[in-house]
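One structure is given below, encoded as structure tokens.
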Amino acid sequence: MPALSYDQVRQLNSYSIFTEEPDRPLFTLANLHKDFYLTDFRNLMMGITNAATEAAAISHFGRRYGMFVAMQFYMLTTYDEVWDGKPEDLRFAIVQEFGIHTLGMYINPNDFRYVEDDERERVMTDILYKTSVVIGQLRKTTSISPLTLWENIFGYMLWHFHTLLENPALADRAFEDLDMLEDKNVWRYFSDKSLFLNYTGGKSPSALINQPVRKSCCFSKDIPGLMACGFCPMKK
């Protein structure tokens, strides 16, 4: 188990992922895998966000969880490391950001491990499959498109790959990982195509920064205190 550096912890913190015990954990990722908990989860998210609709509340959670998924790919590309904890070890608690309540994520820093080159594709496949399971559970809570939930994640990933490809020390590895992500093989357990390739259209992440890439609305406009997405496809 590699010890996380100060820079790694700082990067995780910037995406609301913390490496200490939360004072008052609300639920864990394992809870979301239990159908009987989903109604309570939906009501909890409605209360935390004061969202106008259930879809907006669930989409907000999808964006928070998307930060965690995106950081998995960032850590893989940058440090050849991946978080390998159990679902019950990813905990969620209320934090304040920019004056509003939202969710922070809490993990054990000892749950990271090194990834060997010959298991890289398998690790990426595992991250994506586990994400698809969570998205499937979120869709049981209310009427929300899987496209919305995947695009909530891809937006963060797009930025990460843009910055990594701009870094001469990491560009080669980032290109290799991006190429793997655009190959339908790593999506094979739940899709017959690369959903990320479908999102980018095969264009370089750097060419898509500050461009209206999304095809679905993230519903941030329906949550008090949040600004509407500047690239919302629903804008007239």
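The values are calculated or read from the model by the stated rules, or taken from the named source; none is laboratory data. The shown structure was predicted, so the numbers you read here are calculated from the model rather than taken from an experiment. All Cβ positions, glycine included, derive from the backbone under ideal geometry; neighbour counts span all protein chains shown. Note: areas computed on protein heavy atoms with side chains; ligands, DNA, RNA excluded. Shrake-Rupley method; radii C 1.70, N 1.55, O 1.52, S 1.80 Å.
Only one entry of Pro168, Pro205 meets the criterion of being at negative phi and open to solvent by 40 Å² or more (accessible area, probe 1.4 Å), and that entry is Pro168. For the structure I just gave you, tell me whether Thr131 is part of a helix (DSSP H, G or I) and under 26 Å from Ala30 (Cα atoms). Here the answer is yes, as Thr131 does meet what is asked. Which of (1) open to solvent by 40 Å² or more (accessible area, probe 1.4 Å); (2) under 21 Å from Met67 (Cα atoms); (3) of a type in the set (Phe, Trp, Tyr) is the odd one out, the single condition Tyr189 does not satisfy? Exception for Tyr189: condition (2). With respect to Phe73, is the statement that it is buried (at least 21 other Cβ atoms within 10 Å of the Cβ), in a helix (DSSP H, G or I) and touching a Phe, Trp or Tyr at 6+ places or on another chain (Cβ under 9 Å) true? Yes: the conditions hold for Phe73.
The set of residues in the stretch 92-122 being buried (at least 17 other Cβ atoms within 10 Å of the Cβ) and hydrophobic (A, V, I, L, M, F, W, C) consists of Phe92, Leu103, Met105, Ile107, Phe112, Val115.
Residues in the stretch 208-236 that are surrounded by 14 or more Cβ atoms within 10 Å (Cβ to Cβ), in a loop (DSSP other than H, G, I, E, B) and polar (S, T, N, Q): Ser216 only. Looking at the stretch 181-188, can you tell me whether even one residue there is touching a residue at least 24 places away in the same chain (Cβ under 8 Å) and in contact with a Cys (Cβ under 7 Å, 6 or more places away or on another chain)? Within the stretch 181-188 (the criterion being touching a residue at least 24 places away in the same chain (Cβ under 8 Å) and in contact with a Cys (Cβ under 7 Å, 6 or more places away or on another chain)), the answer is no, since none of the residues qualifies.
Remark: pairs (first residue in the stretch 13-39, open to solvent by 70 Å² or more (accessible area, probe 1.4 Å); second residue in a loop (DSSP other than H, G, I, E, B) and not aromatic (Phe, Trp, Tyr); Cβ separation under 7 Å; 6+ apart in sequence or on different chains) = Asp35/Lys140.
Whether a residue is over 30 Å from Thr28 (Cβ atoms), of a type in the set (Val, Ile, Thr), out of contact with any strand residue (DSSP E or B) (no Cβ under 7 Å at 6 or more places or on another chain) and surrounded by 20 or more Cβ atoms within 10 Å (Cβ to Cβ) was assessed, and Thr200 passes this test. For the stretch 104-127, the criterion of a residue being part of a helix (DSSP H, G or I) and closer than 17 Å to His33 by Cβ is satisfied by at least one position.
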